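Following: one structure in structure tokens, then a few remarks.
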Amino acid sequence: MTRSPFRSRSVAVAVPAACLSALSLLTACGEDALGPADRPQRGAVVLDGFVQPGLTLVPDSGTATTRIAFGPPTEFDGGDLVVENDTALAVSSRGAGDLLYVASLASGAVRRVQMPRASNPARARLLRGSGGQALIGVPLRDSGAVALVRLDAAGASTITRVANAGRCPTDVVRYGDATWVVDANASCVTNYAVEGPVRLIRIPDQGTSRDTLVLSGLRGSAASIEVAGDVAYVAAGGEANFASFPFTLIAPGAVARVDLRNRRVLSQRAMPGGSYGASLKRGRDGFLYVSLYEDLATFTPRVLQLRADDLSLVTASGQGPYRALTDEQGAPVTCGSAVADAVGRLHCIRNGAGSATSLLVFSPLGQLVRRVPAGQGGVDLALR
Amino acid sequence: MRLLLAAAWAALQGDGSVRVCVHDAATGAPLPGARITAEGGDQARRLVEPCASLPAGRWTVRRVGYRPATVDVAAVASGTRADAAPGERTVVVTLVPLAAVPGATMAAPATMAAIATLDTLQVRAAPGAMPARASATLRTESARAAGLGGTTALVAALPYVQWRTARGETGLSVRGARREQVAVTLDGLVLNDPATGIADLGDLPLAAVAAATVLPGADPLGAGPGAGGGVVALQSATRREATVRAGAFGAREAQGAWQGTVGDLVWRGGAAHWAGRNDFPFVNRAGATGADARERRVNNDDTRTSLFGALLAPRGELVLLATRGERGLVGPANVRAYDADRLHTARALLRGRVPVGPVQVTAGGRGLDLAYRDPTRPVLDASARVLAGDLEAAGVAGPLRLRAGGGGDGVRATGGIAQSRTRGFVAAEWSGARAASRGSPEDRRDGVARVSRAAAGARLDAVSGSGVQPSLSLAAESERHGVRASGPLRGAWRGIASARLAQAVRVPTLYDLFFASPQRLAVRPLRPERVLLDAEAALGASLARPALQLDWRGALVARETRDAIVWFPGNFAWSPSNVPRERLLGADAHLRIETPRGDLAAFASRYDAALRVDGLRIPTPYVARHAAGAQAALRGGPWQVTARAQWMGRRPFTAGPRDPAFELPTVGTLDLALARTVTLKAAALLATVALDNATNRDWQSVRGFPMPGRAWSVAITLTPRSQP
């Protein structure tokens, strides 16, 4: 087994070049029945989280889509998709086999990597080691650790564990000379009960110390992070009791803006009262988009648009906090997993009867300009 | 209604007593406890066992839950059965259940000449409860001789049935239906869980079951809501027996039943215990390493204990069944999160039936306790209790069979789940037969007779929260029969052309999720699922002669369902939903050949079942487009060798569009059994050695849940020769 550079904790900041390395490894695994020419080079990638897990690739125009199958639904239950260039990452939890899925969007090849049993992966991020090699960071919720996975051309994987990464680590990024872990601070090993506020834990490449930044306004077993320069945006989905009917909300989700260099919280914004969830994406138009459920009764998906510099809401007059979206006839439309492209067109997904998924695209003014079938059981969306 | 045979059999001479055996018309199972009264006199006898010798005379046969029949013993002269005393003749009187599932009525012999050739004489108590209905019955004795070891295996061996099993639970698909569309009844009482919509056959020991009958197609009249795809009708056992069985992977089983009399009361009681480790090896071909790995199932054990009993009095009948079980909830092969989870179940069923004037009144109650235990995460422990009660009255008014009833269901479960509902129904059914008064000259010359039968019925179901749902059923068949004296097709023959139309409804179950699971989902309001049309056109033929019985039936089938209730897994916002359309088109056929030296049964089907929703065409999960099976039994003296082959084509394992990546591969399995009957002084002993999956085929009935490879079992069944 090759010794991982992460054993020495010498990791550099992730760069796009790492994705190319990962891609070269993936293509060594072979291709599926569709040739690369059949797959769109640009467009949207929908993560089909259930029924027939995999990816549905939707080009920028037309209705033809292509599929990349992950595997049976018993072995995939992921809800988060990370796409960097032509590499897509997703994970399954302990209830679906503790697996890391790495897919090449160019070739359609899929690699499954077995994470430690009962480790309960939360999501996967592309990172890069100091030697330039592609690495994948996988927070392991039930292990309180982060797995650093290196794939080699022969199809083998090397996993290095970074221990003491919090009570329930749910996301990981690289900044400076450290790995930063979002700790949901919840009993993920049992019932995901929230034990305290979300924490941001800095794990330096050298030594065994941990620096912890408590994000006091953020609670929830689903927490994530996006980094832009020196600023991190941490989102937590809130706290609710799903163990009995009717479901009860304890605290709505929230987003914090954190200065990583100085390790301090710059600002916070709570999600609207009654809402649950906070799935954060950085749009290519510079805004932040938070997808959540309006309430715990109807679970109506909603989208918030925030300004990145102060987390203030972008709202139309008299429209309430949520992004106003309408169809061609002006009727309200709701959707989730929203993100905007560079010109401000909002892309999101919506599941209809039979969990048939549609990709919806709205003009910057919020009017529906495109609706295209996008597989089934969509749970997340990324743009290429 | 009575069927008088005297005139028809007058030409046949008889003397002395006749052995009369009473059987259920729906399943062919023997019925103890019938009351036989001499017509016009005061003689009356209660038949503790299904058969008894009666002196000449006209006798009326009555039994709780069945329509009476009359037989004229003096007119019967032929048809000696092998097990009858020398010189004794046997008449089988089949009684049509009053309130149970219609159809499957055993056919009467075609002609008087045919009567003389058969080893038993079958008397149908009604012209036909519901013609044009396909059915197949497998008796427990036959199943034991074929090496089958449980009620699930008994039902799975029936034609029209596809099955799948995971985590100790078996789901049945009949004629391409989803498992929730199959109603399972025990003596007419629906066993489907009001909370989950399916029935767990694993709790029913074979000693408590006399026979299983599959009735493909919607059955709104007999089983009511939930029978949109078909019915599996189980019949309570009626004989003494004791069985011990052992098999691979720690399988151990003991069960027995006894019956006797106390005055005018017939009692029956029994118990069963089953345990198995089920820790079989398998090849994991879907691991993350990409390489095949030989592994062994863990936490797949299963233990069940059952008690059952019945009391049959002149004025009523009471049946009790109670079971207790525990099993490991092993997960899919590559998911180890459930390696320690356990499920404890306790079920009880009580059913009583009494005649009130001309009306049969049936009352039933069921209770189910579930306890889910997660030793590694006790905070996720959960429990649930489900109760269901039913009251029903059935009677005859002129040409109509009428039924009305009502009941209620309720579920209470961890997490504040508390749901309940009430329901009621009325149903009317008519059936009639007409023999052609005049045939063509050729027919008269060849002794060909024609009979037409028809049936119609309607049912109204009212379920709180689901409104009033009407369902209709129409059926007709035309039969020609005769006797050919020479040629390769000599013997009594019969040809039937039939057509059947039916509707059905399935109301949403109380909680369309395995509610012992710690996962709590928001359940959407659902509309009732409605089978708009279940249609069948069939042809059948049979040939009977002393050493041969041949039956064949083939059908074209179609089913259109609106608002199919289908579970689409997901997160908070998703739960079962109504799919606008589900359509099935298909064909099936089965053939049965019986000879003194052996039997052959074969079945083949092609079903194209698909859900249509929002532009998606979704093949109905786990319905194989092509399937076939065959069973052959060879007998020689006390020996019987049985081979059973089953084949299933590719079948989708998700509720998604057709994609080979999400289909299970074709599979064929072969089961073998060797049985020997030993006649002892006071009992008959049946010893069987069976080899399931004899070719050690690696396969899965549910994706991710491997099935055992080659597995042996041995069983000994002791049946007293003389019943009380």
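Bear in mind that the values in this text are calculations on the coordinates, not laboratory data. Bear in mind that the values here come from a model prediction, so they are computed numbers and not experimental data. Every residue, glycine among them, receives a Cβ derived from its backbone with ideal geometry; neighbour counts consider all protein chains shown.
Given axes a ≥ b ≥ c from the Cα gyration tensor, I'd like to know whether the range B:176-295 is rounded (a/c under 1.5), prolate (a/b larger than b/c) or oblate.
Working: a/c = 3.46, a/b = 1.29, b/c = 2.67.
Judged from the Cα gyration tensor, the range B:176-295 comes out oblate (a/c at least 1.5, b/c at or above a/b).
Percentage of Cα-Cα pair distances in chain B greater than 38 Å, rounded to whole percent?
Working: 91179 of 261726 pairs.
It works out to 35 percent of all Cα pairs.
Using alpha carbon coordinates only, what is the Rg to Rh ratio of the range B:284-403, with Rh defined as the Kirkwood radius? Mind dumping the intermediate values first?
Details: Rg = 22.7 Å, Rh = 18.3 Å.
Dividing the radius of gyration by the Kirkwood radius yields 1.24.
For chain A, what does the relative contact order come out to in percent, with C-alpha contacts under 8 Å and a separation of six or more?
So the answer I get is 13 percent.
How would B:681, A:281 line up from fewest to most surrounding beta-carbon atoms within 10 angstrom? Walk me through the numbers on the way to the answer.
Working: B:681 5, A:281 24.
Fewest to most other Cβ atoms nearby, the residues stand as B:681, A:281.
Residues of B:330-338, mean number of Cβ from any other protein chain within 10 Å of their own Cβ, rounded to a whole number?
Details: counts 0, 4, 7, 4, 11, 12, 6, 10, 2.
Whole-number average of other-chain Cβ neighbours for B:330-338 is 6.
Does the protein assembly as shown classify as rounded, prolate or oblate by the C-alpha gyration tensor (a ≥ b ≥ c root eigenvalues; a/c under 1.5 gives rounded; else a/b over b/c gives prolate, otherwise oblate)?
On the way: a/c = 2.39, a/b = 2.20, b/c = 1.08.
Prolate, since a/c reaches 1.5 and a/b exceeds b/c.
I need the chymotrypsin sites (Phe, Trp or Tyr not before Pro) found in the range A:40-80, filtered to DSSP loop residues with at most 12 other beta carbons within 10 Å of theirs. Write down the numbers at each step before the final one.
Working: sites: A:50, A:70, A:76; in loops: A:50, A:70, A:76.
Sites meeting the loop and neighbour criteria: none at all.
What 222 nm value per residue comes from the helices of chain B, counting each DSSP H run with n ≥ 4 as -39,500 (n - 2.57) and dividing by all residues, nearest 500 deg cm²/dmol? Could the numbers behind the result be given before it?
On the way: 5 runs with 28 residues, N = 724.
Helix contribution divided over all residues of chain B: -1000 deg cm²/dmol.
Give me a single rounded figure for A:108-121: the average over its residues of other chain Cβ atoms within 10 Å of their Cβ.
Working: counts 0, 0, 0, 2, 6, 2, 4, 1, 0, 4, 4, 0, 1, 0.
For this peptide, the per-residue mean of nearby foreign Cβ atoms is 2.
Just how far, in whole angstrom, is the range A:221-258 from the range A:69-113 if you go by their alpha carbon centroids?
Distance between centres, Cα-based: 23 Å.
Can you tell me which of A:182, A:45, A:113 moves the most in a GNM of chain A? Springs connect C-alpha atoms under 10 Å apart.
A:113
So what is the 222 nm mean residue ellipticity for chain A from helices alone, if each DSSP H run of at least 4 adds -39500 (n - 2.57) and you divide by all residues, rounding to the nearest 500 deg cm²/dmol?
Values: 1 runs with 11 residues, N = 384.
It lands at -1000 deg cm²/dmol.
Is there a simple number for the mean count of other chain Cβ atoms within 10 Å of the Cβ of residues in A:62-74, and what is it?
On the way: counts 0, 0, 0, 0, 0, 3, 1, 4, 1, 7, 11, 9, 14.
The shielding value for this peptide is 4.
Suppose a student asked you for the relative contact order of chain B, using Cα pairs under 8 Å spaced at least 6 residues apart; what percent would you report? Could you put the intermediate results ahead of the total?
Details: 2151 pairs, mean separation 73.7, N = 724.
Relative contact order for chain B comes out at 10 percent.
Could you tell me how far the Cα centroid of the range B:49-74 sits from the Cα centroid of the range A:144-192, in Å?
First find each Cα centre; the distance between them is then 78 Å.
For the range B:685-724 and the range A:266-324, what is the centre-to-centre distance using only Cα atoms, to the nearest Å?
Cα centroid of the range B:685-724 versus Cα centroid of the range A:266-324: 60 Å apart.
Got the relative contact order for the range B:642-724 handy, in percent, Cα pairs under 8 Å and 6 or more residues apart? Intermediate values should be presented prior to the final figure.
On the way: 156 pairs, mean separation 20.8, N = 83.
Across the range B:642-724, relative contact order equals 25 percent.
Hey, got a sec? Which trypsin sites (Lys or Arg not before Pro) in the range B:420-488 land in a DSSP loop and have at most 16 other Cβ atoms within 10 Å?
Passing sites in the range B:420-488 are B:438.
Tell me the net charge near residue B:324. Cut-off is 13 Å between Cβ atoms, residue B:324 excluded, with +1 for each Lys or Arg and -1 for each Asp or Glu. Intermediate results must be reported in sequence, preceding the final value.
Details: positive: B:304, B:327, B:347; negative: B:200, B:203, B:302, B:326, B:369.
Once positives and negatives cancel, what remains is -2.
Of A:359, A:47, A:249, which is the most mobile in a GNM of chain A whose springs link Cα atoms less than 10 angstrom apart?
A:249
Looking at the square roots a ≥ b ≥ c of the eigenvalues of the Cα gyration tensor of the range B:239-348, which shape do they give, rounded for a/c under 1.5, prolate if a/b is larger than b/c, or oblate? Working shown, then result.
Values: a/c = 4.78, a/b = 2.84, b/c = 1.68.
Note, shape of the range B:239-348 comes out prolate.
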